[in-house]
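What follows is a single structure, written as structure tokens, with notes after it.
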């Protein structure tokens, strides 16, 4: 994994300095860099386009911003860190007393060196973010010169989309937000993981098609949904990726449905990983799962995170920097998400062709490849479980859950049995009702 | 609440001395006093009327009763406390040795000053209840004169009924037993709470109609059910009120259905009250929920108590007196039951008119009235939950349960959203099936 | 129970010395002894008969086997203990160095005096089982003479079947494996318990018919299923009996359905026994429940054990001897299984003929036989529960579970009520849907 992790790390480091927002050249520049890795199509949606209850806003761009003392020294400098300017600040060039300026200054309480991340997308405003230490060096008796050299003009909202086609038109959607400036975990980590997943999935045949979205948070997802309603019925599974690079344990947040295949697959993989983790219920607050899981769509899309947004002190501050993201955490996020996708890819329904009594496994050589030890025992149990439950109603994930065995072991057993006369895959659409189907919670 | 509590206290104090039983003038006198507060209709059902498996019994009245020594001194005196006579004692006027008398004397073991409450409705008998101390003062060598000046004659069973009409013919039934003599918690507390609820509910418009029953235990409820079968289909919710004035925590006993709206609403209110409480399953023993929840009716009626009958030592003794009932407990019972009724009243189903993606709350001023702090956050979450789950299948209580937020907050959010174009109430009868409807336990 | 236990002990002791396998005269001899107790029919199925994926094997018989030193002394002697020969060993008469012999010698690690039990049914082989101590006395420099005087010839697979007819054609199947040689718990205990159950059930009228199978493990059950597919629809309940005589607590393994009546009845009986026990989920490994619960049949058959096969060190060794089986354990297994069968026999659905309000129990003398104390209270509760839940949808076991009372108490209440006008049994086929039927897990 070392190599891959390095790729994700390098991509994050390269994207880190760019000043992104929900629109503007920073987003375009980011998407162009991603195109060096995967063939993203870049979409440009004009300002003023109606998208459900929303309107695509004016495009924001910024060249420079500073607070100078009368001696002309930059005390707060956008060129040092783009977090210093409130995102979507209107242009301003003024001299002010500190007293007047204070309403436009934002700090992080309790962390004297940290600079907060602030936005004002839908209310015209301007402001500077700075550290408590910097603020302490300003003096009430002094005047300061300040400049925000930004523009808010009719333009476009930009986003990236990459459809990796599989055998089926049915899709898994993988979405990440790309609207944050120099914040590494939130969400360069998600972007890097999405790119790496796309590269990996492109290497082998796929049952599902995979659609990757690199969109500004909220307005980007809303825009994409508004312009792609016709294809939503194809989306069978999905993940929002956010904050996947910090040192915390993995958190999976269920879709609104609560028992979608992606919910069950992710919980299964985490359970059998042996690693500490948490699985939390859907709530209508968070990242773009809010839009995908709105009641008019109710898509089977969950959210993969490590530490949960808003619960760690570095969140939305300058401390969410390149050091906050760990190679081994990115690597683990990649491995776990690939394992989940593997479950989704191979979660088929089989039929035991010899359903009356056990078949003779020995004469078909099915005990062969079984080496000694606990593993041999588990592999034999996997064969027996697949035979016992493959009545045409239960998927491999159903079987893995009931057997309390890792999906991979169940899949290997199904593969071995399928190579004999004992098991065959059910055609989709001919599967029987799961006897527990009434049991499964639908919305929770 | 001070004022209200005082009213309940005063009513209890006024009713306390009256000698009630399942029939007789004590019941009539009680109902007349209640009529000073709410316009109860008094029903009189003749002795001998068949009510399902039962027959309205003869009417019992009593004027006086005593045990005197040979000196003519009243050693046990009905005029001091009406508990001294076994209810429904046949008339008797005799001289007896203590030995012969003993089978007709009842005391409370372990509490030398307490006098028990005993009845013999369906077996002709007579008896006296006295304290262990009183019993100890009688002598085996002595003869005693005893008198029970009672009558058992053809007459009537009396009960009170008050229908407070609402917008709908659908009803909530509130029932309490009125057959106990000088016992304060069991059930003057329930009577006083029912009267107070009726007064309060009469003050404002109501969606449901409320029917209040003041009935003798068992035979009264059976009589009412037998004579009102035609209207039972209107009863959508209900509560039996009993022992609601002692210092114990509130206990809610579920209806036989186990998941009726009243069961869910009461459990929800108790959970979010933060107060210690218990919710117990239905069992076919207790107060008149036994009749309302018999299998031929299976009405959605639960039982509200504080301490559970039979589990506290004062139960059915003279220690269940005016001091045993606490103002603050009555006040709390009132507040909690009003909150439950508020949930029932406002537990409607709404439809999100903008179900595709989140709407813009800001431009509709919905973030306005949100003040700072945890409350602001919860109110915003309530708005998001109502929008997310109002798909036409889920009631506000469903939403409050899933959001794990108090119903009041969810209702306030629904009200705020209904004042915009975003949410509208579903007409009853057009609601969609709840996706979890198969999940809900029907009988437990 | 002393007498009965002695019968089971005596039967086990008499069967212990016989050398059984999946075919052969040891099985026939065993069945003949069982015929002294119950009128078993002995079936003989010819070698080569196809039974689903399997073929009835050649018949194996053995007269003698030994390892002698050059002085002619028997160092390992089949006549001392039949476990000394690997079951189904092909005949051999050879002189060998210990080095060559070693691949055919089996011991129990860690228990120097124990001799293992080994088989080689479906792979032609031969071998000796001996203790570590015996093995230590052999010398690498020595040659040994060895003999297995066995035969593998076309013949028959023998099994026993006994149908004890009841009022109904519907059956309960009780199955035990009879293929193990001198192992007492596995499974002479199961055989003895099955015989005792048959004797006991024959003594009184039965609602169900009971079919007892005494079959070689796996191949015997498969053979019976293959030859009796037409009657499988009659099997409404069933138990596999295995290892029911050791000192461990009772373990019940659920059927594949997970909530069959037998599963619920067994769990109920164990719960109310107050004895430590465990109830485990079905898995497709174990004894003949593997065959009965294969997906093509999915019969409602669980497995009764005490200690679970493979989890106790004596399992499949000479330490599973007559001392390992305890009279009191056999007696307890008998009592518990009879109680479970009693639940199955009497688990009927009743209808309350007086479903509106409670009936008057007093006037029908139903409070009579109720003696004082907790028992009186429980018996009164049982009456009330039966009346309250007998709405034509709920069986006595449903009621016992919800009431959390022992089935026997619920049944006694139903009997007492049935003797009055208050309750009548529902005809089968006219029962209503259980309101919770959607709730019940079907496969787990």
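The values are calculated or read from the model by the stated rules, or taken from the named source; none is laboratory data. Note that this is a predicted model, so its numbers are computed, not measured. Neighbour counts run over all protein chains shown; Cβ positions are idealised from the backbone, glycine included.
Of all residues in the range C:150-167, which are over 19 Å from residue C:27 (Cβ atoms) and touching a strand residue (DSSP E or B) at 6+ places or on another chain (Cβ under 6 Å)? Steps first, answer last, please.
Of the range C:150-167, the ones over 19 Å from residue C:27 (Cβ atoms) are C:163-167.
C:163, C:164, C:165, C:166 - these are the residues of the range C:150-167 that are over 19 Å from residue C:27 (Cβ atoms) and touching a strand residue (DSSP E or B) at 6+ places or on another chain (Cβ under 6 Å).
From B:355, B:359, grab the single residue that is at pLDDT 95 or above, surrounded by fewer than 21 Cβ atoms within 10 Å (Cβ to Cβ) and assigned to a loop (DSSP other than H, G, I, E, B).
From the options B:355, B:359, the qualifying one is B:355.
How many residues does the range A:299-314 hold that are within 30 Å of residue B:355 (Cα to Cα), more than 14 Å from the chain's Cα centre (by Cα) and surrounded by fewer than 20 Cβ atoms within 10 Å (Cβ to Cβ)?
So the count comes out to 2.
Just give me the residues in the range B:21-47 being in contact with a helix residue (DSSP H, G or I) (Cβ under 7 Å, 6 or more places away or on another chain) and over 14 Å from residue B:58 (Cβ atoms), in sequence order.
Residues satisfying the conditions are B:30, B:33, B:34, B:37, B:38, B:40, B:42.
Is one or more of the residues making up the range B:241-252 in contact with a helix residue (DSSP H, G or I) (Cβ under 9 Å, 6 or more places away or on another chain), surrounded by 22 or more Cβ atoms within 10 Å (Cβ to Cβ), within 24 Å of residue C:360 (Cα to Cα) and more than 14 Å from chain C (Cβ to nearest Cβ)?
Yes, the range B:241-252 contains at least one residue that is in contact with a helix residue (DSSP H, G or I) (Cβ under 9 Å, 6 or more places away or on another chain), surrounded by 22 or more Cβ atoms within 10 Å (Cβ to Cβ), within 24 Å of residue C:360 (Cα to Cα) and more than 14 Å from chain C (Cβ to nearest Cβ).
Out of B:151, B:175, B:182, report the one residue that is touching a helix residue (DSSP H, G or I) at 6+ places or on another chain (Cβ under 6 Å), modelled with pLDDT of 95 or more and outside any helix (DSSP H, G or I).
It is B:182.
With respect to the numbered conditions (1) surrounded by fewer than 23 Cβ atoms within 10 Å (Cβ to Cβ); (2) within 17 Å of the chain's Cα centre (by Cα), which one is the sole condition not fulfilled by residue A:321?
For residue A:321, the exception is condition (2).
Scanning the range C:42-62 for residues that are within 14 Å of another protein chain (Cβ to nearest Cβ) and within 15 Å of residue C:179 (Cα to Cα), which turns out surrounded by the most Cβ atoms within 10 Å (Cβ to Cβ)?
C:56
Would you check which residues across the range C:75-112 are in contact with a helix residue (DSSP H, G or I) (Cβ under 6 Å, 6 or more places away or on another chain) and surrounded by fewer than 14 Cβ atoms within 10 Å (Cβ to Cβ) and list them?
C:112
Filter the helices (runs of 4 or more DSSP H) completely within the range C:373-444 down to those with at least 3 residues that are within 17 Å of residue B:284 (Cα to Cα) and at pLDDT below 95. Working first, answer last.
Values: elements: C:374-389, C:396-403, C:407-418.
Answer list for the range C:373-444: C:374-389.
Being over 13 Å from residue A:254 (Cβ atoms), in contact with a helix residue (DSSP H, G or I) (Cβ under 7 Å, 6 or more places away or on another chain) and more than 7 Å from every other protein chain (Cβ to nearest Cβ) is the filter here, so list the residues in the range A:281-300 that pass it.
Going residue by residue through the range A:281-300, those that are over 13 Å from residue A:254 (Cβ atoms) are A:285, A:287-288, A:290-291, A:294-297.
Keeping just the survivors that are in contact with a helix residue (DSSP H, G or I) (Cβ under 7 Å, 6 or more places away or on another chain) gives A:285, A:288, A:291, A:294-295, A:297.
The answer is A:288, and nothing else.
Is it the case that residue A:24 is within 30 Å of residue B:355 (Cα to Cα) and surrounded by 15 or more Cβ atoms within 10 Å (Cβ to Cβ)?
Values: within 30 Å of residue B:355 (Cα to Cα): yes; surrounded by 15 or more Cβ atoms within 10 Å (Cβ to Cβ): yes.
When the stated conditions are applied, residue A:24 passes them.
Among the residues of the range B:12-25, write down those that are assigned to a helix (DSSP H, G or I) and farther than 30 Å from residue B:203 by Cα.
B:25
Free of Cβ contacts under 8 Å to residues at least 40 places away in the same chain, under 30 Å from residue A:230 (Cβ atoms) and surrounded by fewer than 18 Cβ atoms within 10 Å (Cβ to Cβ): is that true of residue A:367 in this structure?
For residue A:367, the condition - free of Cβ contacts under 8 Å to residues at least 40 places away in the same chain, under 30 Å from residue A:230 (Cβ atoms) and surrounded by fewer than 18 Cβ atoms within 10 Å (Cβ to Cβ) - is not met.
Scan the range C:116-134 residue by residue and report those that are in contact with a helix residue (DSSP H, G or I) (Cβ under 8 Å, 6 or more places away or on another chain) and away from chain A (no Cβ under 14 Å).
C:116, C:117, C:126, C:127, C:128, C:129, C:130
Pick from the range B:389-413 the residues that are more than 31 Å from the chain's Cα centre (by Cα) and in contact (Cβ under 8 Å) with a residue 24 or more places away in the chain: which of them is nearest to the other protein chains (Cβ to nearest Cβ)? It would help to see each step written out before you state the result.
Looking only at the range B:389-413, we keep the residues that are more than 31 Å from the chain's Cα centre (by Cα), and these are B:389-393, B:413.
Subset that is in contact (Cβ under 8 Å) with a residue 24 or more places away in the chain: B:390-393, B:413.
Numbers: B:390: 7, B:391: 4, B:392: 9, B:393: 9, B:413: 11 Å.
So, considering only residues that are more than 31 Å from the chain's Cα centre (by Cα) and in contact (Cβ under 8 Å) with a residue 24 or more places away in the chain, the one nearest to the other protein chains (Cβ to nearest Cβ) is B:391.
What strands (runs of 3 or more DSSP E) lie completely within the range C:26-130 and have 2 or more residues being free of Cβ contacts under 8 Å to residues at least 24 places away in the same chain?
The qualifying strands (runs of 3 or more DSSP E) are C:74-77.
Do any strands (runs of 3 or more DSSP E) lying entirely in the range A:189-299 carry at least 2 residues that are farther than 20 Å from residue A:42 by Cα, and which ones are they?
Filter on the range A:189-299 gives A:235-241, A:250-253, A:277-280.
For residue A:271, all conditions in the list (1) more than 12 Å from every other protein chain (Cβ to nearest Cβ); (2) in contact (Cβ under 8 Å) with a residue 40 or more places away in the chain; (3) more than 17 Å from the chain's Cα centre (by Cα) hold save one; what is the number of the exception?
(2)
Would the range B:311-329 turn up any residue that is under 16 Å from residue B:190 (Cβ atoms), assigned to a helix (DSSP H, G or I) and at pLDDT 95 or above?
Within the range B:311-329, one or more residues are under 16 Å from residue B:190 (Cβ atoms), assigned to a helix (DSSP H, G or I) and at pLDDT 95 or above.
Can you name the condition, by its number, that residue B:194 falls short on among (1) within 13 Å of the chain's Cα centre (by Cα); (2) within 14 Å of another protein chain (Cβ to nearest Cβ); (3) free of Cβ contacts under 8 Å to residues at least 60 places away in the same chain?
Exception for residue B:194: condition (2).
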